[in-house]
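Worksheet: the structure to be examined is printed underneath.
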Amino acid sequence: MTRDLTSTYWCWFWLALRAVLQCIAVLGSVAAHAQLQRADQQIEIDAHIGFQQQVVIDTWTPITITVRNHGPAVTGALDVVTTDASPRGDYPTHYRQPLTLARGAQKRVQFTVFLSRIAVPVDIRVIGDGGEVVASQSLDLRTQTSRQRFVVALGRDANLGYLNDRDQHQLGVVYPLAEFLPAHWLGYDSVEAVVLHRVSLRRLTDQQIQALRKWVAAGGRLLVSGGHDTAMLQAPQLTAVLPARIQGTRTVSDTSTLHTALDSEWPVPTGSSPLILTHLHPKPASVSTLVLRGADDLPLVVEAATGRGRVVLTAFDIASEPFESWRGIRELMFRLLQPRAVQSVTLIDAQDQPSTETRLLDQLVAQRAVDYPGHLPVMAFAALYLGVLVLLVRRPDADQASSIGTHAVAFAVPLVFVAVATGLFHRVLFPQAPLLASLALVEPLDNSTLAELDLHIRLQSTRTDPLRVDYGGVSPQFRTVANTDSRYTTQAPPPPPTWIFEQDATPAITPRAALPYRTYSAQGNDIVSFDVDVHYRSDSGLELRNRSGRTLTGLWAFTHDRAFTLGTVADGETAHLRFDENQLQSNWRDQLRASHDGVAVATFDALLNGELSRRIRRDSDTDVLLLGFTRSPWQEHDTVKRDNLYLSVVAWRVDDSEGRP
Amino acid sequence: MTDSAPSRLRAHSFAAITHGFLPYLALQAGVLLLWWPKTSLLERTGTGDEPATLVAVVAVGGAALAGFALLMDIFPPRSPPPGGRPTAAPPLAEQAHATIGYAGTQLAQIGYLMLLCLPLTLVAHAISSLAAVELLWIAAFTAVHTVFYRVLGIWFVLRWPAREAVLKLGCPAVLVSVYALTTVFSPCLSHAALSYHATAPNSAPPVLHCGALFVGSYTVLAVLLCFDGLRLLRSRAQQTSDDVAAQP
């Protein structure tokens, strides 16, 4: 009876306790939700994504976020989370910038993110100092996705609707506000062309101007409209990239022959007033300059290459009469813009086989990084330790238990070996610091002082050390690279790791969870300053003028099936290099392996075979490939002690227009 | 010398302990070499496959310590030949300060045994992902474990002064307790489990996340055994004095 009452009391006690705990849990979640709601109401997040709220999937996209704080001051970070897809499952990527907002303050921040999943919204969060989410908002991409690439029109009164083409060219014209233009050149990844029409460039920041310039150098098309208003054309930000100098305006009264110069069957209508054109004076001609001239040899269109892109300057106003209503304007514009996909530099997640860059990084790490100590040192240590202990116990006075000296010796021996084990295995044979390996491919662009940088990095740690990398010198946009682990195991490899990419004035990258025994890989692209001018002439050979700020070492020229060593060219030097038999090196691999290492040879081979770059490859007998090494333009600020391995390769393809060497 | 509890419960010399523990150390060294990684660091970081060297070394070391501590008085380690003289350590006295001194000596010897295992453990630790603090926790757990088996060994000798009786383990309650502990917290399993918990907490099963229960269980049991052992000593001392008083 007593036992029944006791068990009943216990039963009721546990029921009551469980009910109380559940109430506490519910109240706690309600309170937390209310707190979050209050926080959300105190902080407003307004996001503008893409161009006029339209995005193209599988491209880099600008997101401009305006944060307004109506509550207490906030210090923390603004975090944008996207979801990327890989064969091994989806994984998040964090883009982050520090955020400090006083009460009543407002701040506008721009990110450049890669969008690859329509179904998963983009999360925008304000994170406090303690890591708590203070405010958040989700962007649903399903209603904002465009299947067309964009023609970005900047300017007053510009109506370029005739460029919309959903069928053949898949183009859509957008008219974004200046403040939403990308601050990073990769933000133009979904853009086919940019048209400037009577826009005040003072509304653009220096970063936006620089981004536009780099995007053109990377392969973009910029069309600048002239006409009677030359204020925009005289802007200092624009004059350097224009293919012609501006020398005022000229009046044309007879427009009957304009269409002939513009290669159109439709005559340009005669307006009520004389036609005013910008007087263009083409800059010194290069191979890629194109000039369409009208009557009196008047330049109507000047087009020139800048890096891999082109800048087109029209002497007439493309969005004003008479050209706005001209029947031939659409055809002319498509001919000038030549819509085609800008060569995307975004990396597709690695397939089943490791990429060339992954293989080269593997080789770099295998050759230069510390590996496990072999069995021999371990065996020697163990044998020595046990041997000393055997000698210790066989000492004649070893068994005097009361001897202090004996006790001291007994404890000293293992302590000495503890120190040896720590010093030898923890410091010398197998250091504990994480490893950072990077492979940088620098490809100077023609007709430009810029170069394209393709950067692959790998972080490797055996412990849960902090792996944050602060860097400078360049501002690449990084993407996660999924490691191809099928080489090593038949088990399902883990999903790609999550990175946090901090995009601000002091950029950094860091794995979100620093797990031990993991490899974290990322790839980034940027357009960097690299002023190296190379010309080839059959009579005088190669002329290389180096004003890059770096020394070029290990330079080799490859042409047809021959290799010539060119040595080192320091910054500021101009080297004249002749291809003669004295420099011919048939055993270039042996020489390069001796001066550098096997990784350098493998990198050169990959470049010569076209495995490392879509553009640098030896596919013509008249091409000369210049390959060499330089200091990496990506500079880490070593706040964390690491082992750093670098491989920075410079590669040009120099067209031989005057005969073979 | 008769095979009695007080004569067997004596403080062994460090040389004898070292000599007796050498085979266990050789076993630990063998495990270290066997479990030393045979694939490169590059391959292991690519797959997230951490070498199990430290776990194996700690497991073997823990089992060795527990076994040696348990059997140290049942099969006392002999002095190493040649030139070694018989141990002149004082037998266990029935006085409080001698008992305290004996207990202190046992703890020092357990510490010494753990120190003997430390160099090989540190070699394995060099290539593991374990932080130094986590290694200290494992050492603390190992110390508790070893102390319990040391106390258990002493208690066996006190309960069954004759070695044959100890070996037979005639008491059912003792049998059940030892087998239960061995099943739940056996030397190899507990150390390996703790090692896995410390090195890969996400992969350890829930039953192994009970370090406090482990420490509490072994500590309580060791304390109970100590009390019982002291009670046995006191009763033998009383019996001896009664025998002396009864002599004419």
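Quick check: the angle from helix A:356-368's long axis to the longest principal axis of chain A, C-alpha only, nearest 10 degrees?
Rounded to the nearest ten degrees, it is 40.
I need the trypsin sites (Lys or Arg not before Pro) found in segment A:130-184, filtered to DSSP loop residues with at most 14 other beta carbons within 10 Å of theirs.
Qualifying residues, ordered by number: A:142, A:147, A:156, A:166.
May I ask you to derive the relative contact order of chain A, considering only C-alpha pairs under 8 Å and at least 6 residues apart, and to give it as an integer percent?
10 percent
Where does each of A:557-570, B:39-52, B:146-159, B:221-234 land if you order them by average Cβ count within 10 Å, highest first?
B:146-159, B:39-52, A:557-570, B:221-234
Could you tell me the extents of segment A:525-579's C-alpha atoms along the three principal axes, largest first, rounded to whole Å?
Largest first, segment A:525-579 extends 31, 24, 18 Å along its Cα principal axes.
Tell me whether segment A:190-290 comes out rounded, prolate or oblate; compute the Cα gyration tensor, take square roots of the eigenvalues as a ≥ b ≥ c, and use a/c under 1.5 as the rounded threshold.
prolate
For the residues A:291, A:216, what sequence is obtained by ranking on other C-beta atoms within 10 Å, fewest first?
Going from least to most buried by this count: A:291, A:216.
Please compute, for peptide B:45-55, the average count of beta-carbon atoms on other protein chains lying within 10 Å of each residue's beta-carbon.
Per residue, the number of nearby Cβ atoms from other chains is 6 on average.
If you fit an axis through the alpha-carbon atoms of helix A:598-608 and take the longest principal axis of the Cα set of chain A, what angle between them do you get, 0 to 90°, nearest 10?
Compared with the principal axis, the helix lies near 30 degrees.
So how far apart, in nm, are the two label points at residue B:221 and residue B:243 if each is 7 Å from Cα heading toward Cβ?
In this crude spin-label approximation the distance works out to 3.2 nm.
Tell me the label-point distance for the pair residue A:168, residue A:580, using the 7 Å Cα-to-Cβ offset, in nm and rounded to one decimal.
Here the answer is 5.6 nm between the modelled labels.
Order A:595-602, A:422-429 from most to least packed using the mean count of other Cβ atoms within 10 Å.
The most tightly packed comes first, giving A:595-602, A:422-429.
Inside 10 Å of the C-beta atoms of B:114-121, what's the mean count of C-beta atoms belonging to other chains?
Average neighbour count from other chains, rounded to a whole number: 6.
Please express the Cα-Cα pair-distance distribution P(r) of chain A as a list of whole percents, one per 10 Å bin, running from 0 to the bin with the greatest distance.
With a bin width of 10 Å, the distribution comes to 3, 12, 19, 20, 18, 12, 7, 4, 3, 2, 1, 0, 0.
Per residue of B:12-22, what is the mean number of Cβ atoms on other protein chains within 10 angstrom of that residue's Cβ?
Average per residue, whole number: 6.
How much length would be gained if the chain were fully extended between residue A:371 and residue A:573, taking 0.36 nm per residue of separation minus their Cα-Cα distance, in nm to one decimal?
68.7 nm
Considering only the other residues whose Cβ falls under 15 Å of the Cβ of residue A:326, what net charge follows from Lys and Arg at +1 and Asp and Glu at -1?
After counting each charged neighbour, the total is -3.
Once you have a ≥ b ≥ c as the square roots of the Cα gyration tensor eigenvalues for segment A:244-318, tell me rounded if a/c is under 1.5, and otherwise prolate or oblate according to whether a/b is larger than b/c.
prolate
Please state the shape class of segment A:94-156: rounded when a/c is under 1.5, otherwise prolate if a/b exceeds b/c and oblate if not, all from the C-alpha gyration tensor.
Oblate, since a/c reaches 1.5 and b/c is not below a/b.
Only counting other Cβ atoms within 10 Å, I'd like A:643, A:317 sorted with the fewest neighbours first.
Listed from fewest to most nearby Cβ atoms, that is A:643, A:317.
Rank the residues B:114, B:72 as a footprinting-exposure proxy: fewest other Cβ atoms within 10 Å of their Cβ go first.
Listed from fewest to most nearby Cβ atoms, that is B:114, B:72.
Amide H of residue A:610 versus every other amide H placed in the peptide plane: which residues, excluding those fewer than 5 positions away on the same chain, fall under 5 Å?
Counting only residues 5 or more places away or on other chains, the set is A:618.
Just so you know, all these numbers are worked out from the coordinates, no wet-lab data involved. The structure presented is a predicted model; accordingly, all values stated were derived computationally and were not measured. Heads up, the Cβs are rebuilt from the backbone with ideal geometry, glycines too, and the neighbour counts pull from every protein chain shown.
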